[in-house]
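**Student:** Take a look at the following structure, please.
The values are calculated or read from the model by the stated rules, or taken from the named source; none is laboratory data. Keep in mind the model is a prediction, meaning the values are calculated, not measured. So basically every Cβ, Gly included, is an ideal-geometry build from the backbone, and we count neighbours across all protein chains shown.
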Amino acid sequence: MRENLAAQAPIHRDTGEAPSDEIPRNTAPEPAEHAQPVEPVDCPPTTLLVGEVFLPCDEHAPRQARRILDATLDVWGLSHLMETASVVLAELVTNAVRHAGGRQIGLTLWRRLTLVHISVRDCSRSLPCLILTGPFPTTAESSRGLQLVSAYTFRWGTELLPGGKRVWAEIAV
């Protein structure tokens, strides 16, 4: 014969008795006397998205972008990356202003645990091209932007979008 298990009251493990229908009050466990308070661990999130900021596509865009970058890196506790990240960002923004046209560019900054991701979006679908023709040009006023980006970043690339392109770079933390 089978017993109706659903009709049986569960047995409490500690006392061996069936629990009462009354809800116990103040049953929070007492802290152990030897327990130490747990300090919060300050660790960066695996991904932190700042969002896209739109800047006018003019000669002031690189300076505005660097201000945003400076404030963001400071909040993330990565001020030591400011010099490198500033050069990379300035080159990406300057290329967008010089070569893409349009009225605005989009700037996105986000972070993974070990990388800072910088991307600049513009309305041109012409992809940039890195041409290595010899030694790094130290005196040229132009034509060295992508060489700097390539030298200072972990990796970089481009992405075609329906209304233009995105050029991105990642810097190791």
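**Student:** For the stretch 88-99, enumerate the residues that are out of contact with any Cys (no Cβ under 6 Å at 6 or more places or on another chain) and surrounded by 16 or more Cβ atoms within 10 Å (Cβ to Cβ).
**Tutor:** The answer is Val88, Leu89, Ala90, Glu91, Leu92, Val93, Thr94, Asn95, Ala96.
**Student:** Can you confirm whether Gly106 is at pLDDT below 90, within 30 Å of Cys123 (Cβ to Cβ) and in contact with a strand residue (DSSP E or B) (Cβ under 7 Å, 6 or more places away or on another chain)?
**Tutor:** Against the criterion (at pLDDT below 90, within 30 Å of Cys123 (Cβ to Cβ) and in contact with a strand residue (DSSP E or B) (Cβ under 7 Å, 6 or more places away or on another chain)), Gly106 does not qualify.
**Student:** Condition first: touching a His at 6+ places or on another chain (Cβ under 8 Å) and either among the aliphatic types (A, V, I, L, M) or in a helix (DSSP H, G or I) (or both). Now tell me which residues in the stretch 79-127 satisfy that.
**Tutor:** Within the stretch 79-127, Leu109 is the sole residue that qualifies.
**Student:** Being of a type in the set (Val, Ile, Thr) and surrounded by 16 or more Cβ atoms within 10 Å (Cβ to Cβ) is the filter here; which residues of the stretch 100-119 pass it?
**Tutor:** Ile105, Thr108, Val116, Ile118
**Student:** Given the conditions (1) closer than 14 Å to Val149 by Cβ; (2) modelled with pLDDT of 95 or more; (3) not aromatic (Phe, Trp, Tyr), report the number of the one that Ala96 does not fulfil.
**Tutor:** Of everything listed in (1) closer than 14 Å to Val149 by Cβ; (2) modelled with pLDDT of 95 or more; (3) not aromatic (Phe, Trp, Tyr), Ala96 misses just condition (2).
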